[in-house]
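The numbers here are math on the coordinates, done by the rules we state, and not lab data. If you're wondering where the values come from, they're calculated on a predicted model, not measured in any experiment. We place every Cβ from the backbone using ideal geometry, glycine too, and count neighbours over all the protein chains shown.
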Amino acid sequence: MKFIFVCFYLVIFSFALFAQMPEQVLATANGQKFTVNDLPPEVGQAYVNLSKNVAETRKALLEQQIAETVFETEAKSKNLTVEKFLEQIKAKVPAPSEKNIQAVYDANRDKIGDRTLAEVRPQIVALLREEPEQKALLNTFNSLKTKYKFVPGKDVNALSLRPVDVLATVGAKPITVKDFEEKNKVRLYETKAKVFDAVKLALNELLYNALLSVEAKSLNMETNELIAREITGKMRQFSTDERYELETNLRRQLFAKYKTQILLKEPVPLKLDISTENAPFKGSPTAPVTVVMFSDFQCGACAATHPVLQKIVTEYGDKIRFVVRNYPLTGIHENAFQAAVAANAANAQGKFFEYAEILYLNQNALDAASLKKYAGELGLNLQQFTIDLQSERLVEAVRKDMADGNIYGITGTPNIFVNGVKVRVTTADGFREAIDKALKK
């Protein structure tokens, strides 16, 4: 379960230098050492402050878990769902005045453009309600903590915590270390992994630029001349993909030639038990590697990623099973949920992937009429397709995908998992690297 409870869930990272080792060597190449100090300042500071930020995140997540427990307890006592209970709290917040709505509209005319006040009114009202709603939730939370005799337990960042140690108690319900670690393992891993990703990216760029200079000097040419010879001059299609491939190849050659070693330690990958039951898939059911993509048919990044994954799946043959699950971003994509249901309806007639291709190519036309038109173009049974579009079973299947996605820590799309491990670098090389690692295990 997720709560939009800004007071507890939002962690603001401070990047003041912390007492670690900025001289720590992260990589070597051509006899040169590359340290934390060589990274861009904001990246280096994030790395140096990682332990501090993990501790802050743990505190925030425990507070969030306490809030969830308190609200669940009170909602149950009122025979309400937690969502309904929270809606009742927010409903008590007075509506913003017309004067304030107009003031926000006038102050943001340069960003709003030619849209009328009526068109953007819902967004402005939501913006103006956010702070008082959060204050109402916080006040209710503090009141309920007293009602249910909240008792703090051990420090969530204490050394040598045992799984049975109690971090907090709400009424008769204890929150143990085991409960906390299991519930928050994805967020805690992401906190570390995001810093690692940023450092690795910056380090690779740092090494690449340094070695380009070294290589150019060894050939008595300027760096831009080397790039022209090895990349620009070899381009035939002049596409982004072609340039990326040529640059990647040059990077690999330079890293190998100058004996590059990356000493940066990656956090131990978090492996999740990603369910694939009843989900559409390509490939052998007994393949050693399962690639799962959580997608939104109205998401541009998903449309770009899907064909890349399809190509890579083909490269590995029967070693890969490619599974697609739904995670429509309903807050920003009004047609994404219905498109997901339509894809499930196409899957019921054995045409999921063919139908998905059409949806990705027509993201600006995913209304009900268009969804039916695409089904007709594929030769599907339109009568059955129309019935299935209204099927509560298929609607629930999409909701189940979204609920599972929330458990797996998904907040956006696309999200790709290889044998339960999230792929953090969503490029062709990133996918291949993740698949190759899985095949070696």
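What the table shows:
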| quantity | calculated |
| --- | --- |
| Listed residues E98, E225, E357, most fluctuating in the chain (Gaussian network, C-alpha, under 10 Å) | E98 |
| Partners for K149 among aspartates and glutamates (Cα-Cα distance below 19 Å; same-chain residues under 8 apart left out) | E63, E68, E72, E74, D165 |
| Calculated FRET efficiency for the pair L378/E247, C-beta based, R₀ 56 Å, to 0.05 | 0.90 |
| Nonlocal amide H pairs with L26, under 5 Å, H built at 1.01 Å | F34, T35, V36 |
| Calculated FRET value between E181 and T240, using beta carbons and R₀ = 30 Å, to 0.05 | 0.10 |
| Which of L211, M235, L201, positive extreme of dipole for the stretch 201-242 (C-beta unit charges) | M235 |
| Relative contact order (%) - the stretch 100-207, alpha-carbon pairs under 8 angstrom, separation at least six | 14 percent |
| Kirkwood hydrodynamic radius (C-alpha pairs) into Stokes-Einstein, the stretch 281-440, 37 °C and 0.692 mPa s, D in µm²/s | 206 µm²/s |
| Test item: Cα-centred dipole of the chain, Lys/Arg +1 and Asp/Glu -1 on Cβ, debye | 1120 debye |
| Over the stretch 190-261: Kirkwood hydrodynamic radius from C-alpha pairwise inverse distances, Å | 13.4 Å |
| Highest-fluctuation residue, T169, T69, T286 considered, GNM on the chain with Cα pairs under 10 Å | T286 |
| Those lysines that a straight Cα-Cα span of less than 18 Å connects to K84, excepting residues fewer than 8 apart in one chain | K2, K76, K92, K135 |
| Taking all pairs of distinct alpha-carbon atoms in the stretch 251-349, Kirkwood radius in angstrom | 16.3 Å |
| Relative contact order computed over the chain (Cα-Cα under 8 Å; 6+ residues apart), in percent | 14 percent |
| The stretch 6-185 - convex hull of the alpha-carbon atoms, volume per residue in Å³ | 199 Å³ |
| Among (1) 20.3; (2) 23.4; (3) 27.9, the entry that matches mean projected area of the Cα convex hull in nm² as calculated here | (3) |
| Efficiency of FRET between T427 and E131 - r from beta-carbon atoms, R0 51 angstrom, step 0.05 | 0.85 |
| The chain: DSSP helices with Cα axial extent of at least 20 Å and average Kyte-Doolittle hydropathy no lower than 0.5 | none |
| The stretch 349-441: mean projected area of Cα convex hull, nm² | 7.9 nm² |
| Among L359, N419, G113 the positive-end extreme of the charge dipole of the chain (Cβ point charges) | N419 |
| Net charge contributed by nearby residues that have their C-beta within less than 15 Å of L26 (K/R +1, D/E -1) | -2 |
| Residue-count net charge about Q363 - beta-carbon cut-off 14 Å; Lys, Arg +1, Asp, Glu -1 | -4 |
| Anchor K78: aspartates and glutamates whose Cα lies under 12 Å away (excluding residues fewer than 8 positions away in-chain) | none |
| Among the listed pairs K185/K259; K52/K271; K400/K440; K200/K282; K178/K422; K52/K440, those beyond 28 Å (Cα-Cα) | K185/K259; K400/K440; K200/K282; K52/K440 |
